[in-house]
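> Before I ask anything, let me first share the structure, which is written out below as structure tokens.
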Amino acid sequence: MKNVELLAAAEAISIAEGIDQWHGLMKLLLQHLSVLPIPSEIQSPLRIAEAYWRGDSAVSADDLESAKSETWDYLHLFPRGADLKTPEGRTARALLCVLEPDGDIEMRSMTADWFAAMIWNEA
């Protein structure tokens with residue numbers, strides 16, 4: 001799937017659910033992440049992202065920031081640049097995409113690009 005396809009699908013979710021386009025993109029990316037093998041070390045950040053984007057009032061933007069730090073801690077376990085050569089590292093980098101609480105049109109495009117590159121090797 002290419003970034004333009006991700007953005008179109010996210011827009012359809014946004015319209016159907018009456019949510020903003022960033023929220024729609026996050027929900028779509030989480031759907032794709034949900035079918036991937038997620039390393040145990042980053043299961044907790046994924047659960048936090050899922051709860052946040054589901055609208056769980058117990059999860060805040062601060063929780064997303066903590067989850068992002070936890071994901072970066074995991075990525076720092078790899079030798080520099082080596083994470084990009086492993087499915088686990090690329091999945092963790094894709095997970096970082098859903099740990100941002102908001103984004104404008106440029107950020108949506110960049111996020112879709114990065115996610116596609118990490119998951120499907122698409123640009």
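> Along the positive direction of the dipole of the chain (beta-carbon charges: Lys, Arg +1; Asp, Glu -1; about the Cα centre), which of PHE78, CYS97, TRP22 reaches farthest?
Looking along the dipole axis, the top candidate is PHE78.
> For the pair TRP114 and GLN43, how long in nm is the line joining their label points, each one 7 Å along Cα→Cβ?
About 2.6 nm, to one decimal.
> Between VAL4 and SER69, what is the label-point separation in nm under the 7 Å Cα-to-beta-carbon projection?
With each label point 7 Å from Cα toward Cβ, the separation is 4.1 nm.
> Report the net charge of residues surrounding ILE13, where surrounding means a beta-carbon distance below 11 angstrom and charges are Lys +1, Arg +1, Asp -1, Glu -1.
Summing Lys and Arg as +1 and Asp and Glu as -1 gives -2.
> Excluding GLU41 itself, what net charge comes from residues whose Cβ is under 11 Å from its Cβ, given Lys and Arg +1 and Asp and Glu -1?
Combined, the nearby Lys, Arg, Asp and Glu give -3.
> Within the stretch 23-123, list the trypsin sites (Lys or Arg not before Pro) lying in a DSSP loop whose Cβ has at most 13 other Cβ atoms in a 10 Å radius.
Loop-located and lightly packed - ARG80.
> Given the chain, report the % of alpha carbon pairs whose separation exceeds 20 Å.
39 percent
> I've got another one for you. If each DSSP helix of 4+ residues adds -39,500 (n - 2.57) and the sum is divided by the residues in the chain, what number results at 222 nm, nearest 500 deg cm²/dmol?
Result for the chain, helices only: -21500 deg cm²/dmol.
> Would any residue of the stretch 90-111 have its amide N under 13 Å from a label point 7 Å out along Cα→Cβ of ALA61? List them or say none.
Taking a point 7 Å out along Cα→Cβ of ALA61, the residues of the stretch 90-111 whose backbone N falls under 13 Å are 100-104.
All of the numbers you see were taken from the coordinates with simple rules; none came from a lab. This structure is a prediction, so every number in the text was calculated from the model and none was measured. Don't worry about glycine lacking a Cβ; one is built from the backbone with ideal geometry, like all the others, and counts go over all protein chains shown.
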